[in-house]
Amino acid sequence: MKRVSLIIPVYNEEAVLPALYARLCRLMDSMPLYEWELLFVNDGSIDASARLIADFVARDRRVAVVELSRNFGKEAAMLAGFDYVTGDCAVIMDADLQHPPEMVPEMLKYWEEGYDDVYARRRTRGDESKLRKAFSRLFYKILQKATCIDVLPDVGDFRLLDRKCIDTLRTLREQCRYTKGLYAWIGYRKKEVECDQQERVAGKSKWNFFSLFNLAIEGITSFSVSPLRISSILGICISLTAFIYMVIIIAKTLLWGEAVAGYPSLMCIILFLGGLQLLSLGVIGEYLGRIFNETKHRPTYIVRSYKKHDADDGQE
């Protein structure tokens with residue numbers, strides 16, 4: 001019997017966990033030909049999420065939980081799920097039920113046909129604001145132009161991965177993680193299914209504009225050096241233009257005796273060049289910061305305990 005795992009990263013989702021568990025139980029009970037594992041990764045929740053998950057573990061042998069020592073972020077939580085999951089394949093889902101569990105049977109059908117990565121493309125994006133949708137489209141356009149890998153738009157973490165994909169992702173231990181890009185980078189045989197993103201059943205999103213902006217920066221800098229190249233090209237073009245302009249000014253002064261005047265235009269040029277230099281330094285700083293984080297070789301996450309129904313004690 002093939003074993004199917006469900007990986008659920010959780011951070012302060014006490015309001016939605018009972019509904020999530022009920023729907024996942026209906027899914028697992030409806031497909032008895034598979035052996036199921038429901039793996040929660042508690043990413044340092046400070047509400048009642050840990051207690052609710054402990055109740056699930058106590059009464060259901062299919063449930064296990066990885067408790068992280070603090071909040072490390074969703075990217076690290078997913079890596080913890082890859083490390084601890086035991087299934088022949090795994091489905092990654094958000095805890096807020098925006099990813100409908102009812103899509104899993106279709107994903108399993110394509111997995112049985114031989115596909116290694118069955119990903120869900122969003123037909124609709126639920127109750128997201130127009131501004132957030134516009135920024136999302138812009139980000140994916142920039143990412144597609146800047147990188148040499150095919151990072152698909154409107155595709156998130158909701159997907160089924162074969163065991164070989166999970167084992168490959170486990171070997172990628174980089175600190176600055178953008179898992180959506182890693183899915184594309186590892187390759188393997190992929191299949192798309194379409195779904196409508198649901199609205200949250202309860203609670204509110206933990207992703208605000210700034211956290212999404214940081215994730216976008218991670219995505220671009222993790223898979224492309226284009227920002228550095230753009231800074232270099234801009235620097236060359238502006239330096240060449242400034243040199244040509246300087247030659248023209250000197251020639252006009254020598255030939256016609258014009259005074260070098262124009263304080264406002266001079267200040268505009270100085271401020272423009274100063275701003276461009278600071279922007280270029282900022283881009284370089286982003287890459288240096290990531291190099292700094294990688295060279296420390298710290299673990300991506302720390303596990304406080306791992307518990308499952310048939311275990312007497314958690315594993316540190």
Stretch gain in nm, segment Ala15-Ile248, where the contour uses 0.36 nm per residue and the Cα spacing is subtracted = 77.0 nm
Hz values of 3J(HN,Hα) by residue in the stretch 12-23 - Karplus curve (6.51, -1.76, 1.60), Gly and Pro given as x = 6, 10, 4, 5, 10, 4, x, 5, 4, 4, 5, 5
Of Lys74/Lys109; Lys191/Lys307; Lys190/Lys308; Lys164/Lys308; Lys190/Lys296; Lys2/Lys296, those spanning more than 29 Å from alpha-carbon to alpha-carbon | Lys191/Lys307; Lys190/Lys308; Lys190/Lys296; Lys2/Lys296
Long-range amide H contacts for Leu6: which residues qualify at under 5 Å (H placed 1.01 Å from N, peptide plane, sequence gap of 5 or more or a different chain)?
-> Glu37, Leu38, Leu39, Val91
Once both labels are modelled 7 Å past Cα along the beta-carbon direction, what's the Asp47-Thr241 spacing in nm?
-> 5.1
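FYI, it's all coordinate maths here, none of it is from the lab. Computed from a predicted model, the values in this text were never measured in an experiment. As a convention, Cβ positions derive from the backbone with ideal geometry for all residues, glycine included, and neighbour counts pool all protein chains shown.
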